[in-house]
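The values are calculated or read from the model by the stated rules, or taken from the named source; none is laboratory data. Keep in mind that what you see is a predicted model, and the values were worked out from it rather than measured. Virtual Cβ from ideal backbone geometry, glycine too; neighbours counted across all protein chains shown. Surface areas here come from the heavy atoms of the whole protein model, side chains and all, with no ligands, DNA or RNA. Shrake-Rupley method; radii C 1.70, N 1.55, O 1.52, S 1.80 Å.
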Amino acid sequence: PIWHTSTSRELLRITIPNMVCNAIEFMEDGGSLISAWNDGKIRAFLPESGKLFYVINNAHNSGVTAIATTSDSKRIISGGGEGQVRVWDITSHPLTQKLREAMKEHKSKVTCIKVTSDNLECVTASSDGTCIIWDLTRFVRNQMVLSSTLFQCVCYHPDGTQIITSGTDRKVAYWETYDGSQIRELEASKSGSINGVDISPGGKRLVTGGDDRLIKLWDYNDGVVSHVGIGHSGNVSRVKMCPHLQYIVSVSQDGAIMTWSFPTEALE
């Protein structure tokens, strides 16, 4: 479903019978909604009508588990259950989708993909305990971080110098992108995995959510929790701040979607 944030009204519902959607992402130009499916297909829909725009068949042979788009709306980066990361070139006139490169280093499911604002790099997290930073020009590994955890999510700091990871070890870790060294580690939960993390556009705030069913807002530099959101009755699977810091949206495995007002005292 696509929802109206201020009224919580459902605007559109897209359904593919008997299929599971693992990830969704808007193209930056707003022209299409890109989705990753367990049948190995990437499906693009028109966001206003919900009509199918195009399909990339056989994108991954073990299901498409993660997806990201570039800010110029010319590429999709997808991850699969088999661990491959694939880069697709998308053109609009004529409408084509072409596999540009397949990068094979992860040993198991890709759980999350994020692209830098300049589209020159992306980072992929995997349940094999690695996060890999890829060069999207030469399609080779720039850096890799290792940890004894099943990584669930990763994101770049807005200036691109650090990545933040979280996963089943209940920690949030900060890493340098240039050499893969760990800067700090925060104990983000007393019980269960951290499944969602997001950084504010200015880089001063961090939000996390996980199996403890709490939403936590952190000061990025100090590494301390400033606010806690209590309300979910299921494990939180993803969290996201809106670009203008009006809302924090969280989703949980019991099907709940919660919209939180961003604390005014935490605004950048």
Quiz item: Can you name every residue in region 163-192 that is open to solvent by less than 10 Å² (accessible area, probe 1.4 Å) and under 17 Å from the mean Cα position of the chain (by Cα)?
Solution: Ile163, Ile164, Thr165, Ser166, Gly167, Val172, Ala173, Tyr174
Practice problem: Give the residues of region 10-32 that are within 23 Å of Gln253 (Cβ to Cβ), open to solvent by 80 Å² or more (accessible area, probe 1.4 Å) and of a type outside the set (A, V, I, L, M, F, W, C), sorted by residue number. | Solution: Arg13, Thr15, Pro17, Asn18
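What's the total number of residues in region 212-250 that are closer than 21 Å to Thr168 by Cα, acidic (Asp, Glu) and open to solvent by 60 Å² or more (accessible area, probe 1.4 Å)? Break it down stepwise before answering.
Quick first cut of region 212-250, residues closer than 21 Å to Thr168 by Cα only: 212-218, 220, 223-225, 228-230, 232-240, 250.
Restricting the remaining residues to those that are acidic (Asp, Glu) gives 212.
The next check asks that each one be open to solvent by 60 Å² or more (accessible area, probe 1.4 Å); those that pass are none.
Of the residues in region 212-250, 0 are closer than 21 Å to Thr168 by Cα, acidic (Asp, Glu) and open to solvent by 60 Å² or more (accessible area, probe 1.4 Å).
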Exercise. Taking Phe151 as meeting all but one of (1) surrounded by fewer than 19 Cβ atoms within 10 Å (Cβ to Cβ); (2) of a type in the set (Phe, Trp, Tyr); (3) under 16 Å from the mean Cα position of the chain (by Cα), write down the number of the exception.
Key: (1)
Exercise. Return the residue satisfying two criteria in turn: it lies in region 74-104 and is over 22 Å from Val154 (Cβ atoms) and either of a type in the set (A, V, I, L, M, F, W, C) or buried (at least 16 other Cβ atoms within 10 Å of the Cβ) (or both), and of such residues it is nearest to the chain's Cα centre (by Cα).
Key: Lys74
Self-check item: Where Ser191 falls short, out of the listed (1) more than 25 Å from Ile132 (Cβ to Cβ); (2) modelled with pLDDT of 95 or more; (3) polar (S, T, N, Q)
Solution: (2)
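For region 128-145, enumerate the residues that are open to solvent by 30 Å² or more (accessible area, probe 1.4 Å) and of a type in the set (S, T, N, Q). Spell out the reasoning first.
Let us first name the residues in region 128-145 that are open to solvent by 30 Å² or more (accessible area, probe 1.4 Å), namely 128, 137-138, 140-144.
Matches in region 128-145: Thr137, Asn142, Gln143.
For region 33-68, enumerate the residues that are of a type in the set (A, V, I, L, M, F, W, C), in a loop (DSSP other than H, G, I, E, B) and either open to solvent by less than 10 Å² (accessible area, probe 1.4 Å) or modelled with pLDDT under 95 (or both). Even if it seems obvious, please write down each step before you answer.
Just the residues of region 33-68 that are of a type in the set (A, V, I, L, M, F, W, C), to begin with: 33-34, 36-37, 42, 44-46, 52-53, 55-56, 59, 64, 66-68.
Next, from what is left, pick out any that are in a loop (DSSP other than H, G, I, E, B): 46, 59.
Of everything in region 33-68, just one residue is of a type in the set (A, V, I, L, M, F, W, C), in a loop (DSSP other than H, G, I, E, B) and either open to solvent by less than 10 Å² (accessible area, probe 1.4 Å) or modelled with pLDDT under 95 (or both), namely Ala59.
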